[in-house]
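Student: One structure is given below, represented as structure tokens, and several questions about it will come after.
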Amino acid sequence: MISEKELRTLKEFDGQDSLALSVYLQLDTPEKKRSAYETFRRQIAPHLHGNGTEAALREDLDLVKLYLQTNGGKRGAGLAIFSCAGRLFWRAYQLPVPVPDQVELGSTFNVQPLEEALQEQEHRLVSLLQRQKAA
């Protein structure tokens, strides 16, 4: 579970002169877990072509690659990664619900998909508790 403090830290993050990388990966099948790094590569590719961002993101890309290739974060149905090497910031969250594959770059992190996943998780938990109470 992600605490309110952690969520606030992500929301308030300002990369200033560095790029902030937000990565969401759907890992709800064994195939998606095996191909997580390739999915990331496909998602990040449009952001890297000819505009100098690849050099600026080299450390972030290496961190994500290492994390995904060493089975990092593959226990949940979804994964959210927030990285900004220029500001020495790295967070990865395994999510119990799937999230659509998505990569975003900016001066801040895109936390909307994370918030939606947390709401979905909460709804599933409430539903489960109601079923158990009814049984």
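Computed from the coordinates by the stated procedures, all read-outs in this text should not be read as laboratory data. Note that the coordinates shown come from a computational prediction; the quantities given were computed from them, not determined experimentally. No Cβ is skipped: glycine too gets one built from the backbone with ideal geometry, and neighbour counts run over all protein chains shown.
Student: Determine one quarter of the surface area of the Cα convex hull of the chain, which equals its mean projected area, and express it in nm² to one decimal.
Tutor: 8.7 nm²
Student: Quick one: what are the phi-derived ³J(HN,Hα) couplings along region 89-101, Karplus 6.51/-1.76/1.60 with θ = phi - 60°, whole Hz, x for glycine and proline?
Tutor: 10, 8, 9, 9, 10, 7, 10, x, 10, x, 10, x, 4
Student: Multiply the residue gap between ALA92 and GLN16 by 0.36 nm, knock off their C-alpha separation, and tell me the result in nm, one decimal place.
Tutor: That pair, ALA92 and GLN16, stretches by 25.3 nm at full extension.
Student: For region 45-106, state the semi-axes of the equivalent ellipsoid (square roots of 5 times the eigenvalues of the alpha-carbon gyration tensor), sorted largest first and rounded to whole angstrom.
Tutor: On the way: eigenvalues 96, 35, 22 Å².
They are 22, 13, 11 Å, listed largest first.
Student: Also, I was wondering about something else. Among the trypsin sites (Lys or Arg not before Pro) in region 58-122, which ones are in a DSSP loop with at most 12 other Cβ atoms within 10 Å of the Cβ? Mind listing them?
Tutor: Those that pass, being in a loop and sparsely packed, are ARG75.
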